[in-house]
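The values are calculated or read from the model by the stated rules, or taken from the named source; none is laboratory data. Just so it is clear, the structure is predicted and the values come from calculations on it, not from any experiment. Cβ atoms come from the backbone with ideal geometry, glycine included; neighbour counts cover every protein chain shown.
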Amino acid sequence: MSTGIAPLVAELKRRRAINARDPKQRMATLRAIYDPTQAPSPNTLLDPGALVLYFPSPRTVTGEDVLELHVHGGPATVKAVLAAIEKCNDVIKSDEDNVSSSLIRYAEPGEFTRRAFMNDVLDLPQIEALGETLNAETEQQRRLAVRGANNTLSARYEDWRQQLLYARGELEALIDFSEDQHFDESPQELISSVSTQVDVLRQQIRFHIQNASKGELLRNGIKIALLGAPNAGKSSLLNRVVGKEAAIVSTEEGTTRDIVDVGIDLGGWYCKIGDMAGLRSSKNNAERIGAVELEGIRRAKQRALESDVVVVVLSVQEGEGAAPAQLAVDPEVLEAVHACQEYGKNIVVAINKSDRLPGSANARDEATGSLVQQVQALFKDVPNSRIFSISCREAEQSSGLGSITADPGNIQTFLRGLISVFEEIARPEGMQGENDMHDISYWEDSLGVTHRQQSNLKQCLEHLERFLYETKTSDLRQQQEQPINNDTTQSVYNNPSADANPQVYTDTQFHAHADAGTYAHDIQTQAQTPSDAIYNPEKYSDNGNKKADNSNNTVMFNAEPEVDIVTAAENLRFAAESLAQITGRGGADVEDVLGVVFEKAIVSSSA
């Protein structure tokens, strides 16, 4: 129910809807609840032992007064109490004619959350985390939701926004007071200092964008594709993993035609395991492959390319006579796995039917090592830690009867290997190298970045890169001596997109690309005044025009194209607004920016 609680509590006290004394603030009180329209009696008693809690604002879940009624009983009791609460409107209206609307009504969907946001109790990231907490089904999802609910990310976004506001304020001060005030540092030093701070922030935001995609794996589930030939044991492996008969198992080839997706909590990780049609080539099979099976093969290949982890199920083929066991690998499977490797998919190989290997431990270990070598010869870059020898038959036979071994069929070993792959692909970026200055929890919290937050971070990153391009372009320009042919001015600049190789641009035009390859600007630089060049009376007249020089036709440039500080400051403003859209706070930053501007001016004046 949604209501203005203060008038309601006063009315409930007057009408004795709550028996005896009013409940004390923030203390649980046991009270009897009666129908407010009638005198208290056994017939009007709704709950003889309700627990009542009154929380005054502002330290409540919504920032407003909150009254909680914990009643006992089933749906009938709850329904009777809710109906009695609505009757309080009639009681209040009968005594006060000026009441034009109901004080008590049912809350609209999401209204309590909206009120908490309007009263600055929750911000948008916390609200998103609240929804994730309600929907969390696995341990990893719960941890991810808790990281978002503890306000860590929100505080980080606000800290970044404040850094940008301060940097923008310094640039605004340079715009407004550079002509009549003397700052402690030159404009070039100030811009360079701001650019360095922005560049550090840019790196952090870039890592958070990358980690947002990893966090989506935890929220939506890790997609696993079981890829292999018919009768390799894909369906049997799926049944052993999920612990039930989720897929039909048969010795007949082509039993699985469509994709069978099963969701499972695997060691705290939510996974979507897909059993797919077996891949086989018509060249090596006398039996003709039908149109339905061909469509299933096509879907299986597509599903593998869309998965996060591809489990390649290979079967052991017994050798003839004394020949060692070999792997049965269809060319279609080989081609599909190579395609997945080209797309950067995580490959895990399960060598099934290891029960066909020799019985002795030493002989089986030797045969397993030989099979692992065959796998590595077929699939490059697959480490030993991702190759497992399993037997679905042994696991199935021991499931109901008990087993001598702790891990029949090595299924648990295979699952632990899968979990280690999950941990590897979900490890946050930025935890190595120069970013070790932050604790590991700093980067783990970045996994809580949602898709909406990621979109705004991308916008912020775009504006920061524009700012760095605008400010760093002028620093990278180098002037060198160049001969003049046909009286055409030539300048040599460093192209930011090149590897420090000087490029020559004619007609005084400089065309550069940012390091990210997303922006390009045409910057016009002309040497028309003595301030734009190293003044030489022998080469320039009094009005600054170049004199003819027939000795070597060379002009020395000392051009210092000024940074467009207004544009640079605007890019910082847009970047800060993108961060404000994430939290839903800080839309009006004029006073904060002016504070930095005036502070800068006062400091320079006192100096």
Notebook entry, point to check: Taking the stated definitions as given, is residue 376 more than 20 Å from residue 234 (Cα to Cα) and surrounded by 14 or more Cβ atoms within 10 Å (Cβ to Cβ)?
Noted result: yes
Notebook entry, point to check: Restricted to the range 560-581, and to residues that are at pLDDT 90 or above and either hydrophobic (A, V, I, L, M, F, W, C) or touching a Gly at 6+ places or on another chain (Cβ under 7 Å) (or both), which residue is nearest to residue 467 (Cα to Cα)?
Noted result: 572
Check: Taking the range 351-400 as the region of interest, how many residues are touching a Pro at 6+ places or on another chain (Cβ under 7 Å) and in contact (Cβ under 8 Å) with a residue 12 or more places away in the chain?
Finding: 4
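Looking only at the range 209-234, filter to residues that are assigned to a strand (DSSP E or B) and touching a helix residue (DSSP H, G or I) at 6+ places or on another chain (Cβ under 7 Å); which one of those is nearest to residue 133 (Cα to Cα)?
Applying the first criterion (assigned to a strand (DSSP E or B)) to the range 209-234 yields 222-228.
Filter once more, so that each one left must be touching a helix residue (DSSP H, G or I) at 6+ places or on another chain (Cβ under 7 Å): 222, 225-228.
Values: 222: 19, 225: 28, 226: 31, 227: 34, 228: 37 Å.
Ranking the candidates gives 222 first.
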Margin query: Need pairs with beta-carbon distance below 6 Å; first residue in contact (Cβ under 8 Å) with a residue 12 or more places away in the chain and part of a loop (DSSP other than H, G, I, E, B) and within the range 129-141, second surrounded by 14 or more Cβ atoms within 10 Å (Cβ to Cβ) and aromatic (Phe, Trp, Tyr); sequence gap 6+ or separate chains.
Written below: 138/270
Next item on the list: Please state which of the following conditions residue 423 fails to meet, knowing it meets all the rest: (1) at pLDDT 85 or above; (2) over 24 Å from residue 211 (Cα atoms).
Entry: (2)
Next item on the list: Please give the strands (runs of 3 or more DSSP E) falling wholly within the range 261-341 in which 1 or more residues are surrounded by 14 or more Cβ atoms within 10 Å (Cβ to Cβ), small (Gly, Ala, Ser) and at pLDDT below 85.
Entry: 326-328
Next item on the list: Go through 215, 233, 243 for me and flag whichever is assigned by TED's automatic domain parsing to the domain that holds residue 425 and crowded, with 24+ Cβ neighbours inside 10 Å.
Entry: 233
Checklist line | Leading residue by the ranking (surrounded by the most Cβ atoms within 10 Å (Cβ to Cβ)) among those in the range 122-147 that are within 13 Å of residue 583 (Cβ to Cβ) and over 17 Å from the mean Cα position of the chain (by Cα) | finding: 122
Next item on the list: Select from the range 18-43 the residues that are loosely packed, with under 15 Cβ neighbours inside 10 Å and of a type in the set (Ser, Thr, Tyr) and list them in ascending order.
Entry: 37, 41
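Which residue out of 369, 359 is surrounded by fewer than 20 Cβ atoms within 10 Å (Cβ to Cβ), at negative phi and outside any helix (DSSP H, G or I)?
359
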